[in-house]
Amino acid sequence: MTDWVYPAGTAIDGPWTTSIGAADSTLVVPGWAHTGIKIAELKAGEELSLQAAAEERIIIPLQGAFTAMVNGEHYALAGRRSVFEGPSDVLYTGINTAVSVASPAGGRFAVALAPAKASYPTRLITAAQTPVELRGAGNCSRQVHNFGTPAALEADRFIVCEVITPSGNWSSYPPHKHDEEKDGETNLEEIYYFETRVAQDSRAPESSDPIGYARVYASDQRPIDVTAEVRTGDVVLVPYGWHGPAMAAPGYDLYYLNVMAGPGRVREWLISDDPHHGWVRETWDKATIDPRLPFTP
């Protein structure tokens with residue numbers, strides 16, 4: 001483990017299986033300031049609460065259905081059987097707002113968050129309202145759920161989305177960066193939370209170990225060099241630098257939840273491609289989307 005890679009079980013904090021970058025996180029990551037993530041698993045009927053804090057949050061069901069209570073109002077989050085079955089209902093709670101999350105039948109959920117100052121109203125975004133984008137082409141095809149992007153959600157600081165990559169495909173590709181405030185680029189920290197599974201068309205034995213890979217490397221003189229084998233529950237932090245690809249190994253599908261935010265003036269995802277690899281985008285015009293997409297229930 002480094003400051004940037006947290007395998008499942010290495011960022012446990014009380015009832016949270018992962019808690020990084022939140023106002024109440026006991027784990028301190030040097031230099032990490034703009035984003036956070038919390039993951040929890042609830043048994044049937046269990047409830048977990050977050051106190052009001054100067055951070056905006058999105059509640060994201062990963063497996064199972066949930067109810068959330070904000071300011072005395074209940075919100076039903078229909079959820080899904082797994083992250084590989086298309087988008088879920090999600091709930092944006094704004095800043096300085098306590099929230100309680102319960103699950104009638106049990107399940108796993110994420111809280112994406114960012115320190116923030118401006119107040120925006122609580123908002124339920126249903127699965128049907130979630131913009132679904134099929135990005136790339138050929139073996140760079142992936143499915144993106146843009147529920148927390150500027151076009152879909154009014155918020156102060158963060159940009160949140162999730163990506164499904166079919167087995168054998170590369171996503172977060174070509175490698176790109178967003179670590180400077182300049183024309184055409186914004187300075188954003190980024191979190192990758194991963195889940196993996198055996199692909200439905202795979203002949204993998206029951207003893208198989210679904211894996212994926214993630215890459216981060218230096219874009220300037222600041223040292224960073226991450227090549228991580230990832231499984232369900234693992235987190236990779238991107239403080240700066242080129243990042244990509246996120247690779248779904250043959251036989252295994254890959255999911256990741258992205259949380260981005262930074263100190264810049266505008267809330268916008270503007271990137272620069274690694275000039276050695278940006279040409280790959282041009283090849284997509286002559287290729288088709290992977291026919292396995294979209295992933296749906």
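The values are calculated or read from the model by the stated rules, or taken from the named source; none is laboratory data. Keep in mind it's a predicted model, so treat the numbers as computed, not measured. A quick note on method: Cβ atoms are made from the backbone with ideal geometry, for glycine too, and the neighbour counts reach across all protein chains shown. Ligands, DNA and RNA are stripped out before the accessible areas are found, and what is left, the full protein with its side chains, is counted by its heavy atoms. Shrake-Rupley method; radii C 1.70, N 1.55, O 1.52, S 1.80 Å.
Quick notes
- Of all the criteria given as (1) of a type outside the set (A, V, I, L, M, F, W, C); (2) at negative phi; (3) surrounded by fewer than 21 Cβ atoms within 10 Å (Cβ to Cβ), the one not satisfied by E195 is (3).
- Test for T296: is it under 12 Å from N139 (Cα atoms), polar (S, T, N, Q) and in contact (Cβ under 8 Å) with a residue 40 or more places away in the chain: no
- If the condition is being under 21 Å from T130 (Cα atoms) and surrounded by fewer than 20 Cβ atoms within 10 Å (Cβ to Cβ), then segment 71-92 contributes H74, Y75, A76, A78, R81, S82, E85, G86.
- Residues satisfying the stated conditions in segment 244-278, i.e. over 22 Å from K182 (Cα atoms) and either of a type in the set (A, V, I, L, M, F, W, C) or open to solvent by 50 Å² or more (accessible area, probe 1.4 Å) (or both): A246, M247, A248, A249, P250, L254, L257
- Among strands (runs of 3 or more DSSP E) entirely within segment 1-75, having at least 3 residues that are within 22 Å of A228 (Cα to Cα) singles out 18-20, 36-42.
- Total residues in segment 45-62 satisfying the condition of being more than 11 Å from V101 (Cβ to Cβ), at pLDDT 95 or above and surrounded by fewer than 19 Cβ atoms within 10 Å (Cβ to Cβ): the figure is 4.
- Any hit, segment 25-40, residues being modelled with pLDDT of 95 or more, touching a Pro at 6+ places or on another chain (Cβ under 9 Å) and over 24 Å from G264 (Cα atoms): yes
- Screening G233, G251 for residues that are small (G, A, S) and farther than 28 Å from W16 by Cα leaves exactly one candidate, G251.
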